[in-house]
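See below for the structure under consideration.
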Amino acid sequence: MTDSRPLQGESPVAQLDVTISACEDGAFQKRGHKARILSPAEAEKLAKEQVLVSDFKQQKLEKEAQKNWDLFYKRNSTNFFKDRHWTTREFEELKACREFEDQKLTILEAGCGVGNCLFPLLEEDLNIFAYACDFSPRAVEYVKQNPLYDAQRCKAFQCDLTKDDILENVPSDSVDVVTLIFVLSAVHPEKMHLVLHNLYKVLKPGKCVLFRDYGLYDHAMLRFKSSNKLGENFYVRQDGTRSYFFTDDFLAELFLSVGYEQVVNEYVLRETVNKKEGLSVPRVFLQSKFRKPQRET
(Lines give C-alpha, C1' and ligand atoms only; values in the text may rest on other atoms or scores of the structure.)
Protein backbone atom coordinates (compact mmCIF):
# COMPACT_ATOMS: atom_id res chain seq x y z
CA MET A 1 0.00 0.00 0.00
CA THR A 2 2.61 2.46 -1.11
CA ASP A 3 2.22 5.72 -3.00
CA SER A 4 4.46 8.62 -3.99
CA ARG A 5 2.86 9.71 -7.20
CA PRO A 6 4.64 12.13 -9.57
CA LEU A 7 2.94 15.49 -10.03
CA GLN A 8 3.35 18.82 -11.81
CA GLY A 9 2.54 22.20 -10.32
CA GLU A 10 3.54 25.60 -9.00
CA SER A 11 6.74 26.86 -7.44
CA PRO A 12 6.88 26.43 -3.67
CA VAL A 13 7.03 29.26 -1.19
CA ALA A 14 9.04 27.80 1.69
CA GLN A 15 10.77 28.88 4.86
CA LEU A 16 12.95 26.11 6.21
CA ASP A 17 16.00 25.55 8.38
CA VAL A 18 17.52 23.41 5.70
CA THR A 19 20.31 21.38 4.27
CA ILE A 20 20.18 21.19 0.47
CA SER A 21 21.26 18.28 -1.70
CA ALA A 22 20.90 17.29 -5.32
CA CYS A 23 19.18 13.95 -5.92
CA GLU A 24 19.95 11.35 -8.54
CA ASP A 25 16.72 12.20 -10.44
CA GLY A 26 17.75 15.83 -10.91
CA ALA A 27 15.58 17.14 -8.10
CA PHE A 28 16.78 19.37 -5.29
CA GLN A 29 15.93 18.34 -1.75
CA LYS A 30 15.83 20.47 1.39
CA ARG A 31 15.45 19.23 4.95
CA GLY A 32 14.29 21.31 7.86
CA HIS A 33 11.99 21.76 10.79
CA LYS A 34 9.46 24.28 9.51
CA ALA A 35 6.51 23.48 7.30
CA ARG A 36 6.09 24.93 3.84
CA ILE A 37 4.35 28.32 3.83
CA LEU A 38 1.44 28.68 1.44
CA SER A 39 1.15 31.42 -1.15
CA PRO A 40 -1.90 33.70 -0.68
CA ALA A 41 -3.69 31.95 -3.57
CA GLU A 42 -3.04 28.51 -2.07
CA ALA A 43 -4.17 29.63 1.37
CA GLU A 44 -7.38 31.05 -0.09
CA LYS A 45 -8.09 27.82 -1.95
CA LEU A 46 -7.71 25.68 1.17
CA ALA A 47 -9.76 28.10 3.28
CA LYS A 48 -12.70 27.68 0.92
CA GLU A 49 -12.62 23.87 1.12
CA GLN A 50 -14.53 23.25 4.33
CA VAL A 51 -17.31 20.94 3.11
CA LEU A 52 -16.58 17.30 3.91
CA VAL A 53 -17.60 14.13 2.13
CA SER A 54 -20.79 12.76 3.72
CA ASP A 55 -20.58 10.39 6.70
CA PHE A 56 -22.30 7.68 4.64
CA LYS A 57 -19.66 7.87 1.89
CA GLN A 58 -16.85 8.03 4.45
CA GLN A 59 -18.08 4.84 6.11
CA LYS A 60 -18.34 3.19 2.70
CA LEU A 61 -14.76 4.20 1.86
CA GLU A 62 -13.50 2.76 5.15
CA LYS A 63 -15.39 -0.49 4.58
CA GLU A 64 -14.10 -0.81 1.01
CA ALA A 65 -10.52 0.36 1.64
CA GLN A 66 -8.96 -3.03 0.96
CA LYS A 67 -11.06 -3.57 -2.18
CA ASN A 68 -10.04 -0.15 -3.54
CA TRP A 69 -6.33 -0.86 -3.07
CA ASP A 70 -6.75 -4.31 -4.63
CA LEU A 71 -8.41 -2.68 -7.65
CA PHE A 72 -5.56 -0.16 -7.82
CA TYR A 73 -3.05 -2.99 -8.19
CA LYS A 74 -5.34 -4.82 -10.64
CA ARG A 75 -5.36 -1.75 -12.89
CA ASN A 76 -1.67 -0.91 -12.56
CA SER A 77 -0.08 -4.33 -12.04
CA THR A 78 3.59 -3.83 -11.11
CA ASN A 79 4.10 -0.87 -13.43
CA PHE A 80 2.95 2.17 -11.42
CA PHE A 81 5.82 2.81 -8.99
CA LYS A 82 9.51 2.97 -9.75
CA ASP A 83 11.93 0.79 -7.81
CA ARG A 84 13.25 2.71 -4.81
CA HIS A 85 17.02 2.65 -5.01
CA TRP A 86 17.22 5.71 -2.72
CA THR A 87 16.21 3.92 0.47
CA THR A 88 19.66 3.11 1.84
CA ARG A 89 20.86 6.63 0.94
CA GLU A 90 18.04 8.27 2.89
CA PHE A 91 18.03 5.82 5.79
CA GLU A 92 21.54 5.03 6.97
CA GLU A 93 20.15 2.69 9.66
CA LEU A 94 19.58 0.06 7.01
CA LYS A 95 23.36 -0.37 7.11
CA ALA A 96 24.51 1.44 10.24
CA CYS A 97 22.41 -0.56 12.72
CA ARG A 98 24.72 -3.54 12.32
CA GLU A 99 26.96 -4.31 15.27
CA PHE A 100 29.47 -5.99 12.94
CA GLU A 101 29.96 -5.87 9.17
CA ASP A 102 28.42 -9.18 8.08
CA GLN A 103 25.64 -9.24 10.65
CA LYS A 104 22.39 -10.70 9.31
CA LEU A 105 19.67 -8.06 9.56
CA THR A 106 15.97 -8.79 9.86
CA ILE A 107 13.74 -6.08 8.43
CA LEU A 108 10.01 -5.63 8.08
CA GLU A 109 8.57 -3.62 5.23
CA ALA A 110 5.10 -2.60 6.35
CA GLY A 111 3.01 -1.83 3.29
CA CYS A 112 5.31 -3.45 0.74
CA GLY A 113 3.13 -2.87 -2.32
CA VAL A 114 4.54 -4.92 -5.19
CA GLY A 115 8.12 -4.87 -3.85
CA ASN A 116 9.58 -1.64 -5.28
CA CYS A 117 11.52 -1.08 -2.07
CA LEU A 118 11.91 -4.72 -1.02
CA PHE A 119 13.71 -6.14 -4.03
CA PRO A 120 16.31 -3.36 -4.46
CA LEU A 121 17.18 -3.83 -0.78
CA LEU A 122 17.57 -7.59 -1.15
CA GLU A 123 19.72 -7.15 -4.26
CA GLU A 124 21.95 -4.56 -2.61
CA ASP A 125 22.45 -6.35 0.71
CA LEU A 126 22.83 -10.13 0.76
CA ASN A 127 22.77 -10.21 4.57
CA ILE A 128 19.13 -9.19 4.94
CA PHE A 129 16.10 -11.30 5.68
CA ALA A 130 12.92 -9.36 5.00
CA TYR A 131 9.35 -9.74 6.16
CA ALA A 132 7.00 -7.87 3.84
CA CYS A 133 3.28 -7.34 4.31
CA ASP A 134 0.55 -5.41 2.55
CA PHE A 135 -3.15 -4.65 2.95
CA SER A 136 -3.80 -5.82 -0.62
CA PRO A 137 -3.79 -9.60 -1.31
CA ARG A 138 -3.15 -8.85 -4.99
CA ALA A 139 -0.02 -6.83 -4.18
CA VAL A 140 1.33 -9.67 -2.03
CA GLU A 141 0.77 -12.11 -4.89
CA TYR A 142 2.75 -9.84 -7.23
CA VAL A 143 5.60 -9.90 -4.71
CA LYS A 144 5.57 -13.69 -4.54
CA GLN A 145 5.49 -13.97 -8.35
CA ASN A 146 8.54 -11.74 -8.77
CA PRO A 147 11.55 -13.73 -10.08
CA LEU A 148 13.66 -12.22 -7.28
CA TYR A 149 11.38 -13.60 -4.56
CA ASP A 150 13.24 -16.19 -2.52
CA ALA A 151 11.52 -17.79 0.46
CA GLN A 152 14.95 -18.29 2.05
CA ARG A 153 15.45 -14.51 2.14
CA CYS A 154 11.97 -13.04 2.51
CA LYS A 155 8.47 -13.82 3.67
CA ALA A 156 5.55 -11.91 2.15
CA PHE A 157 2.09 -12.03 3.70
CA GLN A 158 -1.22 -10.19 3.61
CA CYS A 159 -1.99 -8.19 6.74
CA ASP A 160 -4.36 -5.42 7.75
CA LEU A 161 -2.14 -3.75 10.34
CA THR A 162 -5.12 -1.98 11.91
CA LYS A 163 -6.73 -5.25 13.02
CA ASP A 164 -4.66 -8.38 12.21
CA ASP A 165 -2.09 -9.55 14.77
CA ILE A 166 1.29 -9.34 13.05
CA LEU A 167 2.69 -11.84 15.58
CA GLU A 168 0.99 -14.55 13.55
CA ASN A 169 3.71 -14.03 10.91
CA VAL A 170 6.61 -12.25 12.65
CA PRO A 171 8.11 -13.26 16.03
CA SER A 172 7.99 -10.79 18.91
CA ASP A 173 11.05 -8.54 19.37
CA SER A 174 12.75 -9.99 16.28
CA VAL A 175 13.07 -7.12 13.77
CA ASP A 176 16.10 -4.79 13.46
CA VAL A 177 14.43 -2.19 11.23
CA VAL A 178 10.83 -1.47 10.23
CA THR A 179 10.22 0.61 7.11
CA LEU A 180 6.95 2.53 6.90
CA ILE A 181 7.21 4.38 3.60
CA PHE A 182 4.16 6.04 2.02
CA VAL A 183 1.87 3.71 3.94
CA LEU A 184 0.44 5.35 7.06
CA SER A 185 -1.10 8.16 4.99
CA ALA A 186 -3.51 5.62 3.46
CA VAL A 187 -4.88 4.66 6.89
CA HIS A 188 -7.74 6.48 8.60
CA PRO A 189 -6.19 8.86 11.18
CA GLU A 190 -8.25 7.29 13.99
CA LYS A 191 -6.64 3.90 13.26
CA MET A 192 -3.01 4.94 12.71
CA HIS A 193 -2.07 4.18 16.33
CA LEU A 194 -3.20 0.57 15.82
CA VAL A 195 -0.62 0.17 13.05
CA LEU A 196 2.13 1.54 15.27
CA HIS A 197 1.12 -0.75 18.16
CA ASN A 198 1.40 -3.76 15.84
CA LEU A 199 4.86 -2.75 14.62
CA TYR A 200 6.03 -2.06 18.18
CA LYS A 201 5.43 -5.72 19.11
CA VAL A 202 7.92 -7.12 16.58
CA LEU A 203 10.62 -4.44 16.77
CA LYS A 204 13.67 -5.21 18.92
CA PRO A 205 14.23 -2.85 21.87
CA GLY A 206 16.47 0.02 20.82
CA LYS A 207 15.64 -0.36 17.12
CA CYS A 208 13.83 2.08 14.81
CA VAL A 209 10.85 2.56 12.55
CA LEU A 210 11.99 4.46 9.45
CA PHE A 211 9.17 6.66 8.21
CA ARG A 212 8.62 8.68 5.04
CA ASP A 213 5.25 10.00 3.89
CA TYR A 214 3.31 13.02 2.67
CA GLY A 215 3.84 16.29 4.52
CA LEU A 216 1.43 19.17 5.03
CA TYR A 217 0.93 21.33 1.90
CA ASP A 218 2.53 18.84 -0.45
CA HIS A 219 1.47 19.60 -4.00
CA ALA A 220 -0.71 16.47 -4.03
CA MET A 221 -2.76 17.99 -1.19
CA LEU A 222 -3.26 21.26 -3.05
CA ARG A 223 -4.53 19.46 -6.16
CA PHE A 224 -7.54 17.96 -4.39
CA LYS A 225 -10.94 19.56 -4.93
CA SER A 226 -13.29 20.40 -2.07
CA SER A 227 -15.45 17.40 -3.01
CA ASN A 228 -12.52 15.13 -2.04
CA LYS A 229 -12.05 16.30 1.54
CA LEU A 230 -12.67 13.74 4.31
CA GLY A 231 -11.32 15.70 7.28
CA GLU A 232 -8.43 17.89 8.36
CA ASN A 233 -5.50 17.08 6.01
CA PHE A 234 -7.33 13.91 4.85
CA TYR A 235 -8.58 13.38 1.27
CA VAL A 236 -9.92 10.73 -1.09
CA ARG A 237 -8.73 10.17 -4.66
CA GLN A 238 -11.02 9.37 -7.58
CA ASP A 239 -10.19 5.67 -7.28
CA GLY A 240 -11.35 5.55 -3.66
CA THR A 241 -7.87 5.32 -2.11
CA ARG A 242 -7.21 7.91 0.59
CA SER A 243 -4.31 10.08 1.65
CA TYR A 244 -3.43 11.96 4.83
CA PHE A 245 -0.86 14.80 4.94
CA PHE A 246 1.22 14.87 8.12
CA THR A 247 2.55 17.66 10.30
CA ASP A 248 5.63 16.90 12.36
CA ASP A 249 3.70 17.61 15.58
CA PHE A 250 0.89 15.20 14.70
CA LEU A 251 3.33 12.44 13.76
CA ALA A 252 5.43 12.89 16.90
CA GLU A 253 2.35 12.81 19.14
CA LEU A 254 1.13 9.68 17.36
CA PHE A 255 4.39 7.73 17.82
CA LEU A 256 5.04 8.96 21.36
CA SER A 257 1.52 7.97 22.47
CA VAL A 258 2.33 4.37 21.55
CA GLY A 259 5.62 4.39 23.48
CA TYR A 260 8.26 5.19 20.87
CA GLU A 261 11.09 7.69 21.34
CA GLN A 262 11.73 10.36 18.71
CA VAL A 263 15.12 10.27 17.00
CA VAL A 264 14.55 12.47 13.94
CA ASN A 265 11.36 14.08 12.65
CA GLU A 266 11.77 16.62 9.86
CA TYR A 267 10.21 17.99 6.72
CA VAL A 268 11.78 17.24 3.34
CA LEU A 269 11.05 19.69 0.54
CA ARG A 270 11.81 18.49 -2.98
CA GLU A 271 11.62 20.66 -6.06
CA THR A 272 11.90 19.03 -9.46
CA VAL A 273 12.21 21.39 -12.42
CA ASN A 274 10.84 20.41 -15.82
CA LYS A 275 12.98 22.68 -18.03
CA LYS A 276 11.15 21.68 -21.22
CA GLU A 277 7.77 22.82 -19.90
CA GLY A 278 9.08 25.50 -17.55
CA LEU A 279 7.42 23.94 -14.49
CA SER A 280 8.62 23.25 -10.98
CA VAL A 281 7.03 20.52 -8.92
CA PRO A 282 7.04 21.12 -5.16
CA ARG A 283 6.77 18.04 -2.97
CA VAL A 284 6.70 18.02 0.83
CA PHE A 285 7.38 14.87 2.83
CA LEU A 286 8.03 13.99 6.44
CA GLN A 287 11.08 11.82 7.02
CA SER A 288 11.43 10.47 10.53
CA LYS A 289 12.95 7.84 12.81
CA PHE A 290 11.24 6.63 15.97
CA ARG A 291 12.86 4.13 18.32
CA LYS A 292 11.45 1.44 20.57
CA PRO A 293 13.06 2.12 23.98
CA GLN A 294 15.67 -0.20 25.42
CA ARG A 295 14.32 -2.37 28.20
CA GLU A 296 15.22 -1.31 31.69
CA THR A 297 17.77 -3.62 33.31
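The values are calculated or read from the model by the stated rules, or taken from the named source; none is laboratory data. Computed from a predicted model, the values in this text were never measured in an experiment. Using ideal geometry, Cβ is built from the backbone for each residue, glycine included, and neighbour counts are taken over all protein chains shown. Heads up: the accessible areas ignore ligands, DNA and RNA and are worked out on the full protein's heavy atoms, side chains in. Shrake-Rupley method; radii C 1.70, N 1.55, O 1.52, S 1.80 Å.
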Among the candidates R283, R295, residue that is open to solvent by 10 Å² or more (accessible area, probe 1.4 Å), in a loop (DSSP other than H, G, I, E, B), touching a residue at least 40 places away in the same chain (Cβ under 8 Å) and in contact with a strand residue (DSSP E or B) (Cβ under 6 Å, 6 or more places away or on another chain): R295
For the subset of region 242-273 comprising residues that are of a type in the set (V, I, T) and either at pLDDT 90 or above or in contact with a Phe, Trp or Tyr (Cβ under 6 Å, 6 or more places away or on another chain) (or both), which member is least open to solvent (accessible area, probe 1.4 Å)? V268
Residue pairs, Cβ under 7 Å, 6 or more apart or interchain, first in region 96-108 and within 7 Å of N127 (Cβ to Cβ) and touching a residue at least 60 places away in the same chain (Cβ under 8 Å), second part of a strand (DSSP E or B) and among the β-branched types (V, I, T). List them. L105/I128; L105/V177
K204 being within 30 Å of Q58 (Cβ to Cβ), open to solvent by 10 Å² or more (accessible area, probe 1.4 Å) and modelled with pLDDT of 90 or more: no
Taking the residues in region 117-127 that are in a loop (DSSP other than H, G, I, E, B) and of a type in the set (A, V, I, L, M, F, W, C) as candidates, determine which candidate is nearest to A139 (Cα to Cα). C117
Looking at D173, D134, D125, D164 in this structure, which one is under 16 Å from the mean Cα position of the chain (by Cα), of a type outside the set (F, W, Y) and open to solvent by less than 60 Å² (accessible area, probe 1.4 Å)? D134
Please find, within region 176-196, the residue that is most open to solvent (accessible area, probe 1.4 Å) out of those that are in a helix (DSSP H, G or I) and aliphatic (A, V, I, L, M). L194
Pairs needed: first member in region 55-68, in contact (Cβ under 8 Å) with a residue 12 or more places away in the chain; second member anywhere, exposed (fewer than 11 other Cβ atoms within 10 Å of the Cβ) and not in a helix (DSSP H, G or I); C-beta distance under 8 Å; at least 6 residues apart or different chains. none
Exactly one of K204, K163 is among the basic types (K, R) and in a strand (DSSP E or B), and that one is K204
Pair list, Cβ < 8 Å and 6+ apart or interchain, from region 244-258 residues that are touching a residue at least 40 places away in the same chain (Cβ under 8 Å) and assigned to a helix (DSSP H, G or I) to residues that are of a type in the set (D, E, K, R) and surrounded by 17 or more Cβ atoms within 10 Å (Cβ to Cβ): D248/E266
Please go through region 40-73 and pick out each residue that is open to solvent by 100 Å² or more (accessible area, probe 1.4 Å) and touching a helix residue (DSSP H, G or I) at 6+ places or on another chain (Cβ under 9 Å). K48, Q50, V51
